[in-house]
Structures are given as C-alpha cells and as structure tokens.
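K.L.:
Mind looking over this structure? Questions follow.
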Amino acid sequence: MGKKLNIKKGDTVKVIAGDSKGKQGKVLEVYSDKMQAIVEGANLISKHTKPNAQNAQGGIVKKEAGIHLSNLMVVDGTGKPTRIGRKIDTKTNKLVRYSKKSGEVIK
C-alpha cells in the first residue's frame with residue numbers, strides 16, 4: 001500500500017515550479033508509482049510519431065508530459081492554490097480532503 005496522494009484525477013491544479021510554472025489546468029491522469037501527474041496544457045513536449053493507421057501522415061505531435069506531484073498545488077473553489085488536509089466529515093463519517101486556506105471541502 002503506497003502513500004496517500006493529495007492530487008486526484010479531475011482536480012484543478014497550478015504548476016508551482018518548472019518550465020510550465022504559473023499554468024493552471026485539469027489533472028488528466030495520476031501515476032502514483034512515478035509520483036507524477038499529467039496536467040492539461042502544461043509541460044508540452046514534441047513527440048515524433050511514425051505513420052500508422054490512426055495518423056497516416058505521422059509527424060510531430062504536441063502532447064503533455066508528466067509533472068512531479070511536488071510541483072503541483074490544488075486550486076480550491078476560491079481559485080487560489082492551497083495545501084490539502086484530511087478530516088472526517090461529520091455527516092457522512094468519511095475521510096474528505098479540505099483546503100487549508102479556506103477550510104472548504106474539496107469534492
């Protein structure tokens with residue numbers, strides 16, 4: 001059993017370090033083994049592809065590459081990056097993530 005991650009698929013995050021610093025986007029995928037996430041529109045790379053059935057032309061394709069989770073911060077409902085905490089929700093008795101800045105529960 002690995003470490004619990006603060007970032008999940010579908011979260012809106014802000015890149016706080018690296019070439020894409022300052023960009024915001026939605027998390028498309030999280031790789032817990034590599035501690036990386038793919039963020040929409042951030043850390044774009046040029047991938048050279050051979051012609052195949054889907055892409056008969058081939059060529060250079062721009063796509064997102066992984067960003068280490070330590071370089072991402074979750075953006076809460078107020079639109080500001082925040083640290084994430086965990087607490088037990090009193091109504092449902094389930095563990096929920098919440099924003100340490102505003103105190104609101106993150107979906």
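The values are calculated or read from the model by the stated rules, or taken from the named source; none is laboratory data. Computed from a prediction, not measured in an experiment: that's the story for all the values here. Glycine also receives a Cβ, built like all others from the backbone with ideal geometry; neighbour counts cover every protein chain displayed. Just so you know, the surface numbers come from the protein's heavy atoms only, side chains and all, with ligands and any DNA or RNA stripped out. Shrake-Rupley method; radii C 1.70, N 1.55, O 1.52, S 1.80 Å.
K.L.:
Scanning region 85-107 for residues that are charged (D, E, K, R) and closer than 21 Å to VAL13 by Cα, which turns out most open to solvent (accessible area, probe 1.4 Å)?
P.N.:
It comes out as LYS107.
K.L.:
Has region 64-77 got at least one residue that is among the acidic types (Asp, Glu), open to solvent by 40 Å² or more (accessible area, probe 1.4 Å) and either more than 24 Å from GLY18 (Cα to Cα) or in a loop (DSSP other than H, G, I, E, B) (or both)?
P.N.:
Checking region 64-77: not a single residue is among the acidic types (Asp, Glu), open to solvent by 40 Å² or more (accessible area, probe 1.4 Å) and either more than 24 Å from GLY18 (Cα to Cα) or in a loop (DSSP other than H, G, I, E, B) (or both).
K.L.:
Looking at (1) more than 18 Å from GLY10 (Cα to Cα); (2) touching a Ser or Thr at 6+ places or on another chain (Cβ under 6 Å), can you tell me which one SER46 breaks?
P.N.:
Looking at each condition in turn, SER46 falls short on (2).
K.L.:
Continuing with this model, one more query. Out of curiosity, is VAL30 surrounded by 12 or more Cβ atoms within 10 Å (Cβ to Cβ), among the aliphatic types (A, V, I, L, M) and part of a strand (DSSP E or B)?
P.N.:
In short, yes.
K.L.:
Further, regarding this structure: Identify, from the list THR12, THR49, THR82, the residue that is hydroxyl-bearing (Ser, Thr, Tyr) and farther than 20 Å from SER99 by Cβ.
P.N.:
THR49
K.L.:
Right, another one. Quick test for you: out of VAL96, VAL61, pick the one residue that is in contact (Cβ under 8 Å) with a residue 12 or more places away in the chain, part of a strand (DSSP E or B) and in contact with a strand residue (DSSP E or B) (Cβ under 7 Å, 6 or more places away or on another chain).
P.N.:
None of the other options fit; the residue is VAL61.
K.L.:
Hey, another quick one. Out of GLY58, GLY41, GLY22, which single residue is on the phi > 0 side of the Ramachandran plot and in contact with an Asp or Glu (Cβ under 8 Å, 6 or more places away or on another chain)?
P.N.:
Every option except GLY41 fails the conditions.
K.L.:
Identify, from the list ALA56, ALA17, the residue that is without any contact (Cβ under 8 Å) to a residue 24 or more places away in the chain, of a type outside the set (Phe, Trp, Tyr) and outside any strand (DSSP E or B).
P.N.:
Residue meeting the stated conditions: ALA56.
K.L.:
Kindly indicate whether any position in region 34-43 is charged (D, E, K, R), out of contact with any strand residue (DSSP E or B) (no Cβ under 6 Å at 6 or more places or on another chain) and open to solvent by 80 Å² or more (accessible area, probe 1.4 Å).
P.N.:
The answer is yes; a qualifying residue exists.
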